[in-house]
Amino acid sequence: MANKVLKLIIKIILLMLIVQTIYTSKTEALSLDGIFKTGDNFINEGKTESQKNEAINYEEFRLTTNNIGSVLTTLGIVLAVIIGGILGIQIMWGSIEQQVKAKEMIMPYVVGCIVIFGAFGIWKLAVTIFSQLQ
């Protein structure tokens, strides 16, 4: 039974590869000069775009990072409260086995909370320091 399923999967994969090679988009072969010309055009287009947007709007960047930080911190707090509540309920009203499992989960829970809030603190510190360097 397992061999039939394996053979069927291999046949399906081979069929998909054949169909993919038939219907792939065709590319145009260029001469060496054409390749270099296309590359130079790409580089020049990038240079003109970067020259247009040379100045970075630091205020917009600061607002974006603050918004992302606030959302992630709120999510971390909500998850920490929910998981802490579940562990507390299991410790208070659970059976002996549930209480033991919940007590075993307290240490990873505390470490997770430290990681979540420590990461946010480090990120906030880095954004504050680097925003003053402009």
Among the residues in segment 35-44, are any open to solvent by less than 90 Å² (accessible area, probe 1.4 Å), charged (D, E, K, R) and modelled with pLDDT under 75? no
Only residues that are more than 19 Å from Gly118 (Cα to Cα) and either in contact with a His (Cβ under 8 Å, 6 or more places away or on another chain) or surrounded by 10 or more Cβ atoms within 10 Å (Cβ to Cβ) (or both): list them for segment 83-98, please. Gly85, Ile86, Leu87, Gly88, Ile89, Gln90, Ile91, Gly94, Gln98
Could you give me the residue pairs with C-beta distances under 8 Å whose first residue belongs to segment 32-54 and is in a helix (DSSP H, G or I), whose second residue is modelled with pLDDT under 75 and open to solvent by less than 100 Å² (accessible area, probe 1.4 Å) wherever it lies, and which are 6+ apart or on separate chains? Thr38/Leu30
The conditions are (1) at pLDDT 80 or above; (2) among the polar types (S, T, N, Q); (3) farther than 26 Å from Trp123 by Cα; (4) open to solvent by less than 80 Å² (accessible area, probe 1.4 Å), and Ser50 fails exactly one of them. Which is it? (1)
State whether one or more residues within segment 61-70 are open to solvent by less than 100 Å² (accessible area, probe 1.4 Å), touching a Lys or Arg at 6+ places or on another chain (Cβ under 7 Å) and modelled with pLDDT of 75 or more. yes
Are there any pairs, at least 6 apart or on different chains, whose C-beta atoms fall under 9 Å, with the first in segment 93-122 and under 14 Å from Ala80 (Cβ atoms) and the second polar (S, T, N, Q) and surrounded by 13 or more Cβ atoms within 10 Å (Cβ to Cβ), and if so, which? Met105/Gln90; Ile116/Thr73; Phe117/Thr73; Phe120/Thr73
Residues (modelled with pLDDT under 80 and open to solvent by 100 Å² or more (accessible area, probe 1.4 Å)) located in segment 5-21: Gln20
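The values are calculated or read from the model by the stated rules, or taken from the named source; none is laboratory data. Everything quoted here is computed from the prediction, not taken from an experiment. Positions of Cβ are backbone-derived with ideal geometry, glycine not excepted, and every protein chain shown enters the neighbour counts. Side chains are part of the model used for accessible areas, which takes the heavy atoms of the whole protein and leaves out ligands, DNA and RNA. Shrake-Rupley method; radii C 1.70, N 1.55, O 1.52, S 1.80 Å.
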